[in-house]
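Input: a single structure, listed below in structure tokens.
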Amino acid sequence: MHVTHLSLADFRSYARAEVSLGPGVTVFVGPNGQGKTNLVEAVGYLASLGSHRVSSDAPLVRAGAQRAVVRAAVRQDDRQQLVELELNPGKANRARINRSSQVRPRDALGILRTVLFAPEDLSLVKGDPGERRRFLDELVTARSPRMAGVRSDYDRVLKQRNSLLKSAVMARRHGGRAVDTSTLDVWDEHLARVGAELLARRLELISALRPLADKAYERLAPGGGPVGLEYRGVPADGGDGGDRGDGDSGGDGAGGAASPAELYEGLLSSLRDSRRAEMERGVTLVGPHRDDLVLKLGDLPAKGYASHGESWSFALSLRLASYELLKSEGHEPVLVLDDVFAELDVQRRARLAELVAPGEQVLVTAAVPEDVPEVLAGARFAVADGEVVRDE
């Protein structure tokens, strides 16, 4: 899989941009703030419907413009598809595939798959649980695009349930008319049903990632492992998750052997047991939105114990494992390395470059040519003042 052409209109700093690409390594070089990352961010957006830099679409639209358009021609084997996304902040985004009539943006998922390495990846190890949940869910969706609908359904049910809980709390605190909470049982069932499907996919993913992440870490930092991945949330055996409060405690679902039906019962039981605390706090305390992926280096959690270099190696290992997993399932993704080499020491830089160089398409950004290891030789583009010019 590789992108053969990228077109941008009013995306970030670009009023217009047309970039022809090919398989192999492509490097975008230019000073910071000139738009290198904007190019690979657009590629990543087409693959995931989101940015690795911001949580909303508004910053992606060029100042003064009403909308942005990102379009790419994607080739996989002998098939080429054209995918286009129109970003409309405050309104519904639009999508087109092969210039056909408009479809839902999530219908475009799966046409392009990417694995992105970026400085922000350090938060996978050092950041909050939300960063690791996002990592899991984006990879779950990359493996099975239909999971975008499941995630959307879960978010919708969670929002409705939280709204009911908040209304009940506010009414009680301010002496208003009591809110009928009898429908909470119905919302519990909805949340448990959709949540169990998401949870099952997360557990399945972690089971597949474990050996790949451990192997990748050994290649990046020989002798530094082993590394471990454990899911922390509602127990996989359907036990009681209890009132977990901060989302960092509770049962360990590392086994991943539970069926969706068992996970459903476990979530439903935990929701019922947490009802009193939820009625006090006005928020849903149980579910995949509260869970965490615990990363372990040896017997210790990486967060708080791993050095800066070890944390970087762990984060890179997760990305490399993601790439290997997608590739093994017949969907070799485009590899995107956004200014990541400047963050690494010489040894990690060289090892990472050797591991990614064989990829079908590798897109790299760097402030100066010296940041890019020699093994990543290929096409070069100079990026400056809103212009993207190929070096001859």
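The values are calculated or read from the model by the stated rules, or taken from the named source; none is laboratory data. What you are looking at is a predicted structure, and each value in this text was computed from that prediction instead of being measured. Cβ coordinates were reconstructed from backbone atoms using ideal geometry, including for glycine residues, and neighbour counts include every protein chain displayed. Just so you know, the surface numbers come from the protein's heavy atoms only, side chains and all, with ligands and any DNA or RNA stripped out. Shrake-Rupley method; radii C 1.70, N 1.55, O 1.52, S 1.80 Å.
Rundown of residues vs (1) under 24 Å from A108 (Cα atoms); (2) part of a helix (DSSP H, G or I); (3) open to solvent by less than 30 Å² (accessible area, probe 1.4 Å), yes/no style:
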{"site": "L8", "(1), (2), (3)": "yes, no, yes"}
{"site": "G22", "(1), (2), (3)": "yes, no, yes"}
{"site": "V40", "(1), (2), (3)": "yes, yes, yes"}
{"site": "A47", "(1), (2), (3)": "yes, yes, yes"}
{"site": "H52", "(1), (2), (3)": "yes, no, no"}
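Sort out which residues of the range 116-163 are assigned to a helix (DSSP H, G or I) and aromatic (F, W, Y), and write them in order of number. Reasoning before the result, please.
Here is the first cut: in the range 116-163, the residues assigned to a helix (DSSP H, G or I) are 119-126, 129-143, 147-163.
Selection gives F135, Y154.
Within the range 267-289, restricting attention to residues that are closer than 16 Å to L191 by Cβ and free of Cβ contacts under 8 Å to residues at least 60 places away in the same chain, which residue is surrounded by the most Cβ atoms within 10 Å (Cβ to Cβ)? If we take residues in the range 267-289 being closer than 16 Å to L191 by Cβ and free of Cβ contacts under 8 Å to residues at least 60 places away in the same chain, then V286 is surrounded by the most Cβ atoms within 10 Å (Cβ to Cβ).
The C-beta contact set for the range 347-363 (first residue within 12 Å of L335 (Cα to Cα), second residue buried (at least 18 other Cβ atoms within 10 Å of the Cβ) and among the acidic types (D, E), distance under 9 angstrom, 6+ apart or interchain) comprises G359/E332; E360/E332; Q361/E332; L363/D338. For T26, which of the numbered conditions (1) assigned to a strand (DSSP E or B); (2) free of Cβ contacts under 8 Å to residues at least 60 places away in the same chain; (3) closer than 20 Å to F117 by Cβ fails to hold? All conditions are met except number (2). R348 - would you say it is basic (K, R), farther than 24 Å from R75 by Cβ, under 25 Å from the mean Cα position of the chain (by Cα) and in a helix (DSSP H, G or I)? Spelling it out, R348 is indeed basic (K, R), farther than 24 Å from R75 by Cβ, under 25 Å from the mean Cα position of the chain (by Cα) and in a helix (DSSP H, G or I).
May I ask you to verify whether R16 is among the charged types (D, E, K, R), at pLDDT below 95 and open to solvent by 20 Å² or more (accessible area, probe 1.4 Å)?
Working: among the charged types (D, E, K, R): yes; at pLDDT below 95: no; open to solvent by 20 Å² or more (accessible area, probe 1.4 Å): yes.
Against the criterion (among the charged types (D, E, K, R), at pLDDT below 95 and open to solvent by 20 Å² or more (accessible area, probe 1.4 Å)), R16 does not qualify.
Evaluated against (1) in contact (Cβ under 8 Å) with a residue 24 or more places away in the chain; (2) open to solvent by 10 Å² or more (accessible area, probe 1.4 Å), A63 falls short on exactly one condition, (1). Here E370 clears all of (1) at pLDDT 95 or above; (2) over 19 Å from H2 (Cβ atoms); (3) open to solvent by 10 Å² or more (accessible area, probe 1.4 Å) except the condition numbered (1).
A count restricted to the range 328-345 and to residues that are under 19 Å from the mean Cα position of the chain (by Cα), closer than 23 Å to N32 by Cα and in a loop (DSSP other than H, G, I, E, B) stands at 2. Restricting the range 195-232 to residues that are under 20 Å from the mean Cα position of the chain (by Cα) and among the small types (G, A, S), the residue that is surrounded by the fewest Cβ atoms within 10 Å (Cβ to Cβ) is S207.
Considering the conditions (1) touching a residue at least 24 places away in the same chain (Cβ under 8 Å); (2) over 21 Å from V388 (Cα atoms); (3) part of a helix (DSSP H, G or I), Q81 is excluded by exactly one of them, (3). For the range 128-142, enumerate the residues that are open to solvent by 20 Å² or more (accessible area, probe 1.4 Å) and in contact with a Ser or Thr (Cβ under 8 Å, 6 or more places away or on another chain). E131, E138, A142, listed by residue number. Filter the range 84-107 down to residues that are under 22 Å from Q361 (Cβ atoms) and out of contact with any Lys or Arg (no Cβ under 7 Å at 6 or more places or on another chain) and give me whichever is surrounded by the fewest Cβ atoms within 10 Å (Cβ to Cβ). Ranking the candidates gives N98 first. When L325, L271, L318, L285 are screened for being aliphatic (A, V, I, L, M), over 17 Å from the mean Cα position of the chain (by Cα) and assigned to a helix (DSSP H, G or I), only L271 passes.
Yes/no per residue for (1) at pLDDT 90 or above; (2) of a type outside the set (A, V, I, L, M); (3) over 19 Å from R272 (Cβ atoms):
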| residue | (1), (2), (3) |
| --- | --- |
| Y154 | yes, yes, no |
| A168 | no, no, no |
| W187 | yes, yes, no |
| L203 | yes, no, yes |
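Within the range 316-327, identify whether any single residue is touching a Gly at 6+ places or on another chain (Cβ under 6 Å) and open to solvent by less than 10 Å² (accessible area, probe 1.4 Å), and answer yes or no. No, that holds for no residue. Of all residues in the range 103-115, those satisfying the criterion of being touching a helix residue (DSSP H, G or I) at 6+ places or on another chain (Cβ under 9 Å) and not in a helix (DSSP H, G or I) are L109, G110, I111, L112, R113, T114, V115.
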